[in-house]
1. For segment 158-216, enumerate the residues that are under 23 Å from Val238 (Cα atoms) and in contact with an Asp or Glu (Cβ under 9 Å, 6 or more places away or on another chain).
2. Can you confirm whether segment 154-161 contains a residue that is within 18 Å of Glu57 (Cβ to Cβ) and surrounded by 20 or more Cβ atoms within 10 Å (Cβ to Cβ)?
3. Can you tell me which residue among Ala151, Ala165, Ala177, Ala181 is touching a Leu at 6+ places or on another chain (Cβ under 9 Å), surrounded by fewer than 24 Cβ atoms within 10 Å (Cβ to Cβ) and either in contact (Cβ under 8 Å) with a residue 60 or more places away in the chain or closer than 22 Å to Pro41 by Cβ (or both)?
4. Looking for something in a helix (DSSP H, G or I), under 30 Å from Pro19 (Cβ atoms) and either touching a strand residue (DSSP E or B) at 6+ places or on another chain (Cβ under 7 Å) or not basic (Lys, Arg) (or both) - is there at least one such residue anywhere in segment 84-93?
5. Identify all residues within segment 31-58 that are farther than 16 Å from Val176 by Cβ and of a type outside the set (Val, Ile, Thr); write none if there are none.
6. Does segment 235-243 include one or more residues that are over 20 Å from Arg184 (Cβ atoms) and crowded, with 18+ Cβ neighbours inside 10 Å?
7. State which residue pairs qualify: first residue assigned to a helix (DSSP H, G or I) and inside segment 12-41, second residue among the basic types (Lys, Arg) and surrounded by 12 or more Cβ atoms within 10 Å (Cβ to Cβ) in any location, beta carbons under 9 Å apart, and separation of 6 or more residues or different chains.
8. Restricting to segment 134-148, and then to whatever is surrounded by 15 or more Cβ atoms within 10 Å (Cβ to Cβ) and aliphatic (A, V, I, L, M), can you tell me which residue is farthest from His56 (Cα to Cα)?
Amino acid sequence: MDISGTFPDTFTHVFAQAPVPAITWTEMLLTLAAAVALSIPRRSWRYFGLLATATHELGHAFAAVATGQRLTGIRLRLDHSGTTTTYSRSRAAAAWSCFWGYPAPAIVGAAFVRAGVSGWGPAAMAAGAVALAVSLLFLRNLAGFLITGTAIAATAALTVLVPAAFTGHVAVCMGVALLVAAVRDVMKLTNVHLRRRDRLASSDAYLLYRATAVPSAVWIALFFLLIAGAWFVSWQPVPAILLGGA
């Protein structure tokens, strides 16, 4: 990508549609393997999982703001935990914002995949950087600034320095990695309810049960359903693209 122009020109160019990437079966399999390598092994998850946590907390925050709640702070920690603090007089609104943490990485991942395969990869990456930048206003701890600042720098570098046509491939890889991360996180949540019940106090499903009297199992099932839906939406354009690029 040419970055020799002014910043407004570069910024505008980033949000324009780029050439649609030609994705082959080999690349898709390699992308899935890379996504699994980011989200499954403990060593890589130690770092990539921090981005999944940030996305999780932004899911809470966006849902809270969308329902008129007052968002007072977000805390991200290096142990992959996080807290989003909101105030609302409506129990239903509070439950709504509590629900959207676990589905958020899958939904964002699906958006990245769809954007990447349709030529909007650079725009998706830039939008992600903007969303992370806005979240800086609500961060309340040093680890949160470190995690988010690193993610912004990496995303901005990929958006500006990587050729637009290749950024689509990067967006697809990032999207699939977030989709895999969403599955990993909800399986970890399920394990807390089955085997690590001493940690229930930090479970979104348990908090939803306390707020609504609807069993935690129902909420976990809904998390799985939405994540599965995100995988389905992500896959829809892929067969035709693979056939075209084969």
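1. Scanning segment 158-216 gives His169, Val172.
2. Within segment 154-161, one or more residues are within 18 Å of Glu57 (Cβ to Cβ) and surrounded by 20 or more Cβ atoms within 10 Å (Cβ to Cβ).
3. Ala151
4. no
5. Passing the criteria: Arg42, Arg43, Arg46, Tyr47, Leu50, Ala54, His56, Glu57, Leu58.
6. Yes: one or more hits.
7. From residues that are assigned to a helix (DSSP H, G or I), the pairs are Ser39/Arg184.
8. Filtering segment 134-148 for residues that are surrounded by 15 or more Cβ atoms within 10 Å (Cβ to Cβ) and aliphatic (A, V, I, L, M), the one farthest from His56 (Cα to Cα) comes out as Ala143.
Only the coordinates and a few stated rules stand behind these numbers; no lab work does. Computed from a predicted model, the values in this text were never measured in an experiment. Cβ sites come from the backbone with ideal geometry, for glycine too, and all protein chains shown count toward neighbours.
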